[in-house]
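Asks: Would you mind keeping the following structure in view while I ask a few things?
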Amino acid sequence: GEAGGPAKAKAGSEARKAQEKKRKVLLSGETTMSYFWDDGSGVRGDTGAPASGEPMQKGMFASPSWPMMTKVKVTYKGRSVTGFVGDRGPGEPSSRGIMLDLDTHTFRYLYDGGKPEDNYNAGVSAGHLEGAKYEVLEWGDGRGIKGEPVPFSEAF
């Protein structure tokens, strides 16, 4: 038989959880976040396929400056989602301090734990999450600027 069996497995998963908790946060801060869903449909200001070449999906965020494929954890009202930078944006709103665009599903989940009306409409009147927290877990190797987010107009 297997020595230690389930107890050994449990210790292993706890060690893994501790390891995940220890994962270094490279950059953290707060910003106002908005939402988007760009899939080439032209709906609600859709500008076409995401800049990363990855298909639009849950957990895809848009940053005006961070490198493509940067891994980011976003938190609001005690709810968190880890996703990645797969598109550029918000464009002009980044000049007003809106530094991260979340996919519609992530936005709605952070807002109240709910699900969006559809991909293009969060189903709530709020268009922004003010004071939402971000944590960069891993810089992507795509084009962009590591460090504090900067408005699109200053980044490219």
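The values are calculated or read from the model by the stated rules, or taken from the named source; none is laboratory data. Because the structure is a prediction, the values reported are computed rather than measured. Every residue, glycine as well, gets a Cβ built from its backbone with ideal geometry; the counts of neighbours run over all protein chains shown. The protein model used for the area step is the full one, side chains on, heavy atoms only, and it has no ligands, DNA or RNA in it. Shrake-Rupley method; radii C 1.70, N 1.55, O 1.52, S 1.80 Å.
Asks: Can you give the convex hull volume of the alpha carbon atoms of the range 65-156 per residue, in Å³?
Replies: Details: hull volume 8.5 nm³, N = 92.
In the range 65-156, the Cα convex hull volume per residue is 93 Å³.
Asks: What accessible area per residue comes out for the chain, rounded to a whole number of Å², with a 1.4 Å probe? Don't jump to the answer; show the numbers that get you there.
Replies: Details: 8490 Å² over 156 residues.
Normalised by residue count, the accessible surface of the chain is 54 Å².
Asks: Further question: Counting each DSSP H run of 4 or more residues in the chain as -39500 (n - 2.57), what helix-only mean residue ellipticity at 222 nm follows after dividing by all residues, to the nearest 500 deg cm²/dmol?
Replies: About -6000 deg cm²/dmol.
Asks: For the range 44-143, which GluC sites (Glu not before Pro) pass both filters: DSSP loop (anything but H, G, I, E, B) and at most 12 other C-beta atoms within 10 Å?
Replies: Here the sparse-neighbourhood loop sites are Glu117.
Asks: Pop out the carbon and sulfur fraction of the accessible area of the range 56-156 as a percent, whole number, probe 1.4 Å.
Replies: 46 percent
Asks: Let me ask something else about it. As a test of reading the structure, rank Trp66, Trp139 by solvent-accessible area (1.4 Å probe, protein chains only), most first.
Replies: Most to least solvent-accessible, the answer reads Trp139, Trp66.
Asks: Could you compute the FRET efficiency for Lys77 and Arg143, with r as their C-beta to C-beta distance and R0 at 25 Å, rounded to 0.05? Before the final figure, lay out the partial values.
Replies: Details: r = 33 Å, r/R0 = 1.30.
Efficiency, from the Cβ-Cβ distance: 0.15.
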